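For reference, the structure discussed in these notes is given below.
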Amino acid sequence: MTTDKTEILKALAHPVRVSFLEWMRTPEEHFCNQAHPLEMGICANQFEKKCGLSQSTVSAHLATLEKAGLLKTNRVGQWAFYSRDEENIASFLNELKSTL
């Protein structure tokens, strides 16, 4: 596992960050209006539109999820696209299952 499970648990302690991960699980359902292909990831401004939070707040939440190893970032020019790090998520869930 790439990241400490305590960092992941801290990241999951905020309901907005949990919502981000839930929405990203089925991006075609939650981000169908994105101009770029969803395969690139979800553009940060899509989260702003969906949840109504400011750009700085959304960026802070995304940075927390990325630092915890739950998201991957794909930078294209000035744009940042985010996707779930399924490998780290699965590793965390397996470790949690075996620990608890």
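Out of all the residues in segment 1-25, which are modelled with pLDDT of 95 or more, exposed (fewer than 15 other Cβ atoms within 10 Å of the Cβ) and not in a helix (DSSP H, G or I)?
Matches in segment 1-25: Ala13, His14.
Quick one: in segment 63-80, which of the residues that are farther than 14 Å from Leu12 by Cβ and of a type in the set (A, V, I, L, M) is modelled with the lowest pLDDT?
Val76
Let's see how each residue does on (1) surrounded by fewer than 11 Cβ atoms within 10 Å (Cβ to Cβ); (2) in contact with a strand residue (DSSP E or B) (Cβ under 6 Å, 6 or more places away or on another chain); (3) within 16 Å of Trp23 (Cβ to Cβ):
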position: Glu48; (1), (2), (3): no, no, yes
position: Thr73; (1), (2), (3): no, yes, no
position: Asp85; (1), (2), (3): no, yes, yes
position: Lys97; (1), (2), (3): yes, no, no
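Rundown of residues vs (1) over 23 Å from Leu9 (Cα atoms); (2) at pLDDT 95 or above; (3) of a type outside the set (Phe, Trp, Tyr); (4) not in a strand (DSSP E or B), yes/no style:
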position: Cys32; (1), (2), (3), (4): yes, no, yes, yes
position: Glu39; (1), (2), (3), (4): yes, no, yes, yes
position: Glu48; (1), (2), (3), (4): yes, no, yes, yes
position: Ser56; (1), (2), (3), (4): no, yes, yes, yes
position: His61; (1), (2), (3), (4): no, yes, yes, yes
position: Tyr82; (1), (2), (3), (4): no, yes, no, no
position: Glu95; (1), (2), (3), (4): no, no, yes, yes
position: Ser98; (1), (2), (3), (4): no, no, yes, yes
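Looking at this structure, is Cys43 in contact (Cβ under 8 Å) with a residue 12 or more places away in the chain and farther than 15 Å from Arg17 by Cβ?
So Cys43 passes the test.
The values are calculated or read from the model by the stated rules, or taken from the named source; none is laboratory data. This one's a predicted model, so the numbers in the text were calculated from it and none came from an experiment. Ideal geometry is used to build each Cβ from the backbone, glycine not excepted, and the neighbour counts take in all protein chains shown.
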